[in-house]
Each structure stands twice: as C-alpha cells, then as structure tokens.
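Quick notes on the structure that follows.
The values are calculated or read from the model by the stated rules, or taken from the named source; none is laboratory data. Please read these numbers as outputs of a predicted model, since none were measured by experiment. Heads up, the Cβs are rebuilt from the backbone with ideal geometry, glycines too, and the neighbour counts pull from every protein chain shown.
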Amino acid sequence: MFDKVLIANRGEIALRVARTCREMGVRTVAVHSVADRDSAVVRLADEAVQIGPAAAKRSYLNAAAVLTAAELTGADAIHPGYGFLSESPDFADACRAAGVTLIGPPADVMAELGDKQSARTLMAKAGLPLLPGSLDPLEPDAAHALADQIGYPVIIKAAAGGGGRGMQVVRDSSAFPHAFQETRATARMLFGDSRVYLERYLEGARHVEVQVLCDGHGAGVHLGERDCSVQRRHQKLIEESPAPRLPDGLAERMGRSAVDGVLEAGYVGAGTVEFLVDAAGNYYFMEVNCRIQVEHPVTEMVTGIDLIAEQIRIAAGAPLGYTQDQISVRGAAIECRINAEDPTAEFAPAPGMVAEFTPPGGPFVRVDSHVHAGYQIPPHYDSLLAKVIVWAPDRDGALARMQRALAEFRISGARVETTRDFLREVLDHPRMRSATHSTALVDELLGKQDG
C-alpha cells in the first residue's frame, strides 16, 4: 500500500479522495492554487503545497508543478480525480518517469481509449456495437459524403474531446460544411487537435454507462449501470442507478460488453464505458472515460463498494478480491449536481460569495461538497458546488427522497444562482417520473432542440 498520496485536484473530488485515504491509513498531500488556499481539502490533508496562481493552466494543469510537489513531499502516488490531468497520457508517462504511481490506467491505454476514433476501432474489434459513422479521420468532402450516406441527423465529434465539449449535431446536408469546419476549429482550440469524426445521431436516445473495475492481473468486473440522460449541452445534471425500464437482460449484456471492451484494451483501474440506448432497446458504444466519474457515488450507494478505495488498492497492485457473481445491486440511487449556474440564462456560470450553505440530511442522504458559508465561488473552474445523492429501496422512494432533500438544501448569496430549483422541476416532469425520458428532456423543458 502507498505511504502518501498526492491529490492533484480540487473541490469536492479532492475532499472525497482525502477522506478515503484517511480511512485507509494513507497520508495525503493537497496541492492547490492561490484561489483555493483556504479550501476544505487543504485543511483536511496532512500536507498542502501551493502550485500556482488561480488559472488552471498554471496550477492544476501544470504537470511539472504537480510532480515537483510530489517530489518535495515524498508522495509515492498521485490521485488525479476527474478533469484536469486525469486523462493525460503525457502526465501518466511523466509520473512513470518520475517513479511516482499514477492512480489510473497505463499511459498507452489512456492514449488509445482517450482518442475517440481509436477507441471506436478497438471496441469494434472487441465486438461492441457501434453507430454508423467513421473510424478514421475524414477531410471535409469525404465527411460530407459519408454524412449524406448515413442520413441525418449526424453528430460531429472531436477525436480528442471529452466532457461534452467539441461536438455538434447537424440536421441537414446544407448545414454540414459549416458545422464540420466549425467543429474542427473548436477541437483545435480546446484540445490542440483538429481531428473529428462523425456518427449517426440518435434522436430520443438514453445515455447509459457501465462502471468497470480491472486489476493488474487480468480480471475485470462491472458494477452495474447508471442512467445519465438528464443533460444540458451534453453535460450531465442527474444520474441514477440502476437505469430504469431497460429491456430484460439488456443491462447484463451491456455490462459484459463493457468488461470485454476494456479488457481487450488492457485496462487497469476504475473506468466507465458509455453507451447510447435507442427506443427499441438497442445499445451502441460511445466512449470510455479513463478516470473516476463525477457520478460515481450512485454506484457506491447501490453496491456498497468504495470506488476510490478500489482505485488505490488496484494501483498498489492488489487483485480485485471478488468476482462478478459476488457483486449485487440493491435498491436505487439518484444524484443531482448543484452547479453555480443560472438555468434561466442558458446555464451561464454564476460565481459569487456564498452567504448560506445548509445541506440536507436525514436517512440515506449523502452530500459531497467542499462549500461552506463564506465560500467565494471562483470563476476559474467548473461550476460544481455539491452533489446530492440519495438511496431508497426503489426508484419511486429515491425520487421522493431527492425532492425532500433538495427542498431542504439552502444555498444563497450575492449573485449566486444554482441549478437546485431547475432540478426539482426536472424530477417532477412526467417523463422523468415514468422513466420514459431521454437526452432531449432538458431541451424540451427549455423549449429548445439539440444543435
């Protein structure tokens, strides 16, 4: 087991990792920017190192500064959380060269699966179903011809993209040339890589993902699935496990496919395989996330497995210690993301000073947050303030518990707007309550259409 883990992240996930490390008897180092010098994880960790100014590029994305902090503090492992350096093969290589264990998959696996086009090729080889589309980079004319052949709508995606960014839906042939060039320019700006690919866009699809764990000894399991269909701009707002109203046997088939795919890639650690599910119950591979997911708590709530602890154990060389038939899913869990955003202004960020922060409590309610009264929401980072997670014996009970928890949640301050009330509206929507919703639900509520 590791002696000391450096947490190369901030906010709620940094606090989450620090807490599990403390339970495991592992010492922690929190790295932080100037803006986060008074953050909760800095107070909780055994040591803290300031690595740069507020701008993420000069702090949390500064690999050299992170590795220098690891060297100065004697950390023998780094947990990258999600975002920032968590899916950077270059950072994984740098950790290996520095003799520090990165808690995540090997650099070559991360590179192959992080590239959406090579991931599609690899998953096709493993037998996972794909939507019609391209496996290789395309020039504009060839891409346009393929889109016309596939049929509209299509979605153009950045090969190096992630987090819901670098993609655009195109609904007719005349709009394709401009959308293709615009997506390439966006991909170059966001990811330094202009390669894009396209695939058929499923109207009214559900976004269902499978949590996997693989050790370094060739064993892999899945921990059930999560429905992440409630999204705005392809970014998730509400997640739940298990995914409701799937056809009989579909969840298990998706789980087996996910494990087959990541084992084919030589995956090690915790990861997520994402699928689209159409109205007929067909499922299609979308991408692999080579890190812990924001929504991992819903899986923890229904399985009783601490995913951060499993990441650390696997990175230290331990075998899984259980087989697929020893994993069971009990009850239903739902997570709502409370973001500092204004839903009435197209979810524009709303940073400000938090005057009141009173999270909900009660039976089977969990709140993952780094926020407190007096907290200044920085404008430099993701807008996530808190995750509210509830468990109940069934989905109806979980929906009722979440509504109660959100009603209790008090967060306010000058210029502070959050998604709390909007999420309550979504939870009350008839299609959400009947589990007949899709990724289009939020746009329908706002009177919009994708793309």
Asp396, sole failed condition from (1) under 21 Å from the mean Cα position of the chain (by Cα); (2) more than 30 Å from Arg43 (Cα to Cα): (1)
Selection count where residues are closer than 20 Å to Ala270 by Cβ and outside any helix (DSSP H, G or I), scope region 76-106: 20
Candidate set from region 38-59 (those that are in contact with a helix residue (DSSP H, G or I) (Cβ under 8 Å, 6 or more places away or on another chain) and in contact (Cβ under 8 Å) with a residue 60 or more places away in the chain); member that is nearest to Arg22 (Cα to Cα): Val41
Test for Val288: is it within 18 Å of the chain's Cα centre (by Cα) and either surrounded by fewer than 22 Cβ atoms within 10 Å (Cβ to Cβ) or over 28 Å from Pro106 (Cα atoms) (or both): no
Residue identified as closer than 27 Å to Lys57 by Cβ and surrounded by 12 or more Cβ atoms within 10 Å (Cβ to Cβ) among Val365, Val371, Val388: Val371
Selection within region 312-338 - under 13 Å from His217 (Cβ atoms) and within 19 Å of the chain's Cα centre (by Cα): none
Failed item, numbered, when Asp193 is tested on (1) of a type outside the set (A, V, I, L, M, F, W, C); (2) surrounded by fewer than 22 Cβ atoms within 10 Å (Cβ to Cβ); (3) touching a Gly at 6+ places or on another chain (Cβ under 7 Å): (3)
Residue selected from region 406-435 under the condition within 24 Å of Val208 (Cβ to Cβ) and out of contact with any helix residue (DSSP H, G or I) (no Cβ under 8 Å at 6 or more places or on another chain), by the criterion surrounded by the fewest Cβ atoms within 10 Å (Cβ to Cβ): Pro430
Within region 398-415, tally of residues that are aliphatic (A, V, I, L, M), at pLDDT 95 or above and within 16 Å of Ala373 (Cβ to Cβ): 1
Selected residue [of a type in the set (Gly, Ala, Ser), in contact with a helix residue (DSSP H, G or I) (Cβ under 9 Å, 6 or more places away or on another chain) and at pLDDT 95 or above] from Ser194, Ser173, Ser134: Ser173
Qualifying residue in region 112-127 (condition: loosely packed, with under 13 Cβ neighbours inside 10 Å and part of a helix (DSSP H, G or I)): yes
Tally, over region 254-280, of residues that are more than 23 Å from Ala219 (Cα to Cα) and modelled with pLDDT of 95 or more: 3
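Being among the β-branched types (Val, Ile, Thr) and assigned to a loop (DSSP other than H, G, I, E, B) is the filter here, so list the residues in region 1-49 that pass it.
The answer is Val26, and nothing else.
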Residue selected from region 1-37 under the condition basic (Lys, Arg) and either in contact with a helix residue (DSSP H, G or I) (Cβ under 9 Å, 6 or more places away or on another chain) or surrounded by 17 or more Cβ atoms within 10 Å (Cβ to Cβ) (or both), by the criterion nearest to Leu85 (Cα to Cα): Arg10
Considering residues of region 128-149 that are over 23 Å from Val288 (Cβ atoms) and in contact (Cβ under 8 Å) with a residue 12 or more places away in the chain only, the residue surrounded by the most Cβ atoms within 10 Å (Cβ to Cβ): Ala147
Single condition Gln168 does not satisfy, out of (1) in contact with a strand residue (DSSP E or B) (Cβ under 7 Å, 6 or more places away or on another chain); (2) polar (S, T, N, Q); (3) at pLDDT 95 or above: (3)
